[in-house]
Amino acid sequence: MKSSFQIGNGRRLARSVVAVALVGALAACGGDTAETDDPAAPAGDGAWPVVIDHKYGSTSIPAAPTRVVTLGLSDQDTVLALGIKPVGAVDWFGERPFGNWAWVKDRWGDTPPEIVGERDEYDIEKIIELAPDLIIAQYSGMKKEQYDTLSKVAPVVAQSANHEDYSTPWDEMTRTIGQALGKTAQVEQLLGDIDKRLADIRQQHPEFAQQTIVVADPSEPGVYAAFAKSDPKAQLLAEMGFKLSDQVEQAAGQDTAAVVSSERLDILDVDRLLLLASDESVEPRVRADPVFATLKVVTGGKAVFAPYMEPPIGAALSFVTVLSVPYAIDQLLPLLTKTGA
């Protein structure tokens, strides 16, 4: 971390910024019944057991799971996309994590999950009551002690050993979940469809490859969290064809975001700037910042604001799942290609 920037722990800030932005947007509901979209359909596409390596060793899953608890921020999206409704999920934002997102609202039906904790703090008793046959914690900060305790309840697929917590590429997490559920072929189809869409965008917009982009969150007055290459939001923009900022990467260090004060906004002065707004007050406040107003990316009309909630572009970018990515792409393209932007 560099003292010339007002940089804190970007990983914590990135999570808290998103949490604040999404508070109140998620519908409160409860339930504890699991069901699959097609109970007669085979869950696996290979032989059981399945063994998955992770941060705390390896886990053997003896048979196709049907009662799944998800403990990561976005894990439930992939499970839903694969036709299984988790019986339990964690609360990240002060409300329920399975609410009326545009990309998922029709998938829960009348069987939302039981809340089994808040972020990385889990209610072990509730998890036991749900009698899960699989616990998934991919986009999470699960600790070894938690893993050891939960492993006595059911097989646990913890986060990757190959990346820092909350830094595993979204498609890698998706494949891990698909493997755990015995649905690797279905996962590859979903990812293949998204890959084709992204390839089409790169072909249709070759100019993106010549443009450096930064995605930042200015929700806290006077502070801009510029997301590094390890953050899923930045990764998706790179997959759309944009270049990511080396300067942001250097400033972030080992964190997933560089926290920059308004006095050092030169780090944001790139070809394109995407700013995530937690509410309607953010854009006028930021545009009133005299330093921000002088940036070339701003005077050239290449800085655009995207809301977290209305529509939930920031939420879709933060989740970055097989369900949210197509929605995020549809919302982002008009912003990044409109005249004067």
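Please treat every number below as a calculation from the coordinates, not as lab data. All values reported here derive from a predicted model rather than from experimental measurement. Positions of Cβ are generated from backbone atoms using ideal geometry, with glycine treated the same way; all protein chains shown enter the neighbour counts.
Annotations
- A rounded overall shape is assigned to segment 206-337, the ratio a/c of its alpha-carbon gyration tensor axes (a ≥ b ≥ c) being less than 1.5.
- Among Ser74, Ser219, Ser262, Ser58, the order by Cβ neighbours within 10 angstrom, fewest to most, reads Ser58, Ser262, Ser74, Ser219.
- Where a label projected 7 Å from the Cα of Ala102 along Cα→Cβ would reach, residues of segment 296-312 with amide N under 16 Å: 305-312
- For Lys196, a cut-off of 23 angstrom between C-alpha atoms picks up these lysines, skipping any fewer than 8 places away in its own chain: Lys183, Lys229, Lys233, Lys243, Lys338.
- Under a model in which nothing but the beta-carbon of Lys, Arg (+1) and Asp, Glu (-1) is charged, segment 206-337 shows a dipole of about 220 debye around its Cα centre.
- Calculated FRET value between Glu145 and Asp195, using beta carbons and R₀ = 35 Å, to 0.05: 0.40
- Listed by chain and number, the lysines whose C-alpha is less than 20 Å from the C-alpha of Lys55, apart from same-chain residues fewer than 8 away, are Lys143, Lys144, Lys152.
- Global geometry of segment 124-185, whether rounded, prolate or oblate, following the gyration tensor of its Cα atoms and the 1.5 cut on a/c: oblate
- Counting only DSSP beta bridges with both residues in segment 50-189, the antiparallel share comes to about 45 percent.
- Sorted by Cβ neighbour density within 10 Å, fewest at the top, the residues Ile128, Ile84, Ile61: Ile128, Ile61, Ile84
- Gain in span if fully extended, Gln204 to Ile128, counting 0.36 nm per residue against the direct Cα distance: 22.3 nm
- Rounded if a/c under 1.5, otherwise prolate or oblate - segment 50-189, Cα gyration tensor axes: rounded
- Neighbour-count ranking [beta-carbon atoms within 10 angstrom, fewest first] of Val69, Val187, Val79, Val51: Val51, Val187, Val79, Val69
- Each residue, Glu188 and Thr337, gets one label point 7 Å from its Cα in the Cβ direction; the gap between the two is 3.0 nm.
- Net charge over other residues, Cβ less than 11 angstrom from the Cβ of Pro218 (K, R count +1; D, E count -1): -2
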